[in-house]
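The values are calculated or read from the model by the stated rules, or taken from the named source; none is laboratory data. This one's a predicted model, so the numbers in the text were calculated from it and none came from an experiment. Neighbour counts are summed over all protein chains in view; Cβ atoms, including those assigned to glycine, are modelled from backbone coordinates with ideal geometry. We work out accessible area using only protein heavy atoms, side chains counted, and drop any ligands, DNA or RNA first. Shrake-Rupley method; radii C 1.70, N 1.55, O 1.52, S 1.80 Å.
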Amino acid sequence: ARGVSRGDVIACFCGQGLETALVHLSAYKLGAIAAPLSQLYGPNAIAHVLDDCQASVVVTERHLWDRVADVRHKLAPDCMIVASGGCIDGELSFEAALEAETGDFEIEHTRADDPALLLYTSGSTGMPKGILHRQALLRGYLASVSLFYEMEMNDPGRALWTVSDWSWVAGIFNVMLTGWYFGQTVVAGPTRFSAEWAFEFMTRHKVSHCFLTPTALKRMTAIENPRARWPGLAIRAIGTGGEPLPGAVLEWADRFGVPINEFYGLTEVNHLIGNCRSLWPIKSGSMGRAYPGHTIAVIDEQGQPVADGTLGEIAVSDDDPTLFIGYWRQPERTSRMRCGNWIRTGDFAYRDEDGYFWFKGRNDDLIKSAGYRIGPAEVEDALIHHEAVAEAAVIGSPDEERGQVVKAFIRLQDGAEASDELAQSLQDYIKTNLALFKYPRRIEFVEN
């Protein structure tokens, strides 16, 4: 009714819940483009994204929008703010909009390749980059989600949940949209986490299938026998991804009596490789097998597939059903992923004689921490804006629980003194201005 139409960008700065859910459904029905923004983002990241995508609408929650109020100057001149939990300064009420007359609204007839979803994710250089997906994307996820949930998505009475933010591809497609496609209950909740809280939450809401990062699962293994403490647990299968899963977690899952199926992919092209315990045995430490519907190879520098047992780069056919349209307004970056008919992933592995893939590392310096992809350059850029910092260098540091954590090497300005208090100040600065999950957990002050 207010003029939002085909091709417009609708930014969603909300947590799990009705606001996020309806942004997605309404955007797709309008032929518009949903652009989810993590509630963990600070003002710098929000300002960058809003400036980059030039959203026509921002749907948000009062407590989140107040936290980044200074970013308004990055909005398009006629951008409309729709807020839940109270409105100020000409904003529209989300709650009132739900009660308004819908009139004679007609769904826009979109094509499979029309743009629908703009996801922002960290790169190895610069601020988060936009990854544009097509209307048909959901179809590409249905088979793989069914597999890592043990082919139970058509069984009645299932309930899906994830602690992951619904602004990430994991929350949107491993739970929210796929759950609804199969007609199942989707449970929304806070994104805080502890093992006890998670088990209590899953018991209370009768969660049957969920996505959890390996970091979350590692914390949950501290509870040796969950069913003894929560006999009402209804969990039947767990999907996980984002980083390699330790074998100790699989051993715990066997004692727990719940299959944990790991899968692998990128935001750009996803759910390529993984497991389904009921169909093939899980090899501890492997990534699993290529999922049906995805053509996967290990290639050399010339783009030629290599023999089993030979290390190379994981590549996927350019007709993959989850393949993105391209990077938002960055065609050169998009073309660099191509090698003939292959899409390069930047991840190196080998495939064994049984068809299982074994991950060996990345060809760039992205930090993978607890399932998040963190670009060192954006953390470095934020750190040098702190008044005490002269120079900063950021790397991924090995960590038993998270796979990697962000480590910063800091050279201070003249007059500034290294201390635990200053380290804490720098961590808080990144949490506030960039994102909660990007702060350096380890800081080393250097002289030169």
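Distance in nm between label sites at Ile395 and Glu108, each 7 Å beyond Cα in the beta-carbon direction?
4.7 nm
Whenever you get a sec, compute what percent of the accessible area on the stretch 89-131 sits on carbon and sulfur atoms (1.4 Å probe).
Values: 1260 of 2620 Å².
C and S fraction of accessible area: 48 percent.
Can you give the accessible area per residue of the chain, in Å², using a 1.4 Å probe? Could the numbers behind the result be given before it?
Numbers: 19280 Å² over 448 residues.
With the other protein chains kept in place, the chain gives 43 Å² per residue.
To two decimal places, what compactness ratio does the stretch 298-443 give when its Cα radius of gyration is scaled by 2.2 N^0.38 Å? Numbers along the way, then the final one.
Details: Rg = 19.3 Å, N = 146, 2.2 N^0.38 = 14.6 Å.
Here the answer is 1.32, to two decimals.
Quick check: at a probe of 1.4 Å, how many percent of the accessible area of the stretch 23-81 sits on carbon and sulfur atoms?
Using a 1.4 Å probe with all protein chains present, the stretch 23-81 comes out at 53 percent carbon and sulfur.
At 1.4 Å probe size, with the rest of the protein present, what percent of the exposed accessible area of the stretch 263-402 is carbon and sulfur atoms?
Working: 2950 of 6240 Å².
Percent of accessible area from carbon and sulfur atoms in the stretch 263-402: 47.
What nm value, rounded to one decimal, do you get for the distance between Arg2 and Ser419 when each label is placed 7 Å out toward the C-beta?
Result: 4.8 nm between the two label points.
Can you compute the FRET efficiency between Asp254 and Met151 using 1/(1 + (r/R0)^6), with r the Cβ-Cβ distance and R0 = 22 Å? Round to the nearest 0.05. Mind dumping the intermediate values first?
Working: r = 19 Å, r/R0 = 0.88.
About 0.70, to the nearest 0.05.
Using Cα pairs under 8 angstrom and six or more residues apart, how large is the relative contact order of the stretch 184-246, in percent?
RCO, the stretch 184-246: 43 percent.
For the stretch 210-281, what does the relative contact order come out to in percent, with C-alpha contacts under 8 Å and a separation of six or more? Present the calculation step by step, with values, prior to reporting the outcome.
Numbers: 81 pairs, mean separation 20.9, N = 72.
Result for the stretch 210-281 is 29 percent.
Using R₀ = 35 Å, calculate the FRET efficiency as 1/(1 + (r/R₀)^6) where r is the Cβ-Cβ separation of Ala76 and Ser278; round to 0.05. Can you show the working numbers first?
Values: r = 49 Å, r/R0 = 1.41.
For Ala76 and Ser278, the calculated efficiency is 0.10.
By how many nm would the segment from Thr310 to Ile88 grow when fully extended, if each residue of separation counts as 0.36 nm and the alpha-carbon distance is taken off?
Numbers: separation 222, 0.36 × 222 = 79.92 nm, distance 6.02 nm.
Gain on extension, Thr310 to Ile88, equals 73.9 nm.
What FRET efficiency would be calculated for the residue pair Trp197, Arg227, taking the C-beta separation as r and a Förster radius of 22 Å, to the nearest 0.05?
Details: r = 17 Å, r/R0 = 0.77.
After rounding, the FRET efficiency stands at 0.85.
Relative contact order of the chain, please, whole-number percent, based on alpha carbon pairs below 8 angstrom and at least 6 residues apart.
Values: 933 pairs, mean separation 58.0, N = 448.
Reported as a whole number, the value is 13 percent.
Return the inverse of the average 1/r over all pairs of distinct C-alpha atoms in the stretch 1-104, which is the Kirkwood hydrodynamic radius, in Å to one decimal. Before the final figure, lay out each step's value.
Working: mean 1/r = 0.0730 Å⁻¹.
Taking the inverse mean of 1/r over all distinct Cα pairs, the stretch 1-104 comes out at 13.7 Å.
What is the distance, in nm, between label points placed 7 Å from the Cα along the Cα-to-Cβ direction at Asp66 and at Asp300?
6.2 nm
Over what distance in Å are the Cα centres of the stretch 11-66 and the stretch 179-201 separated?
21 Å
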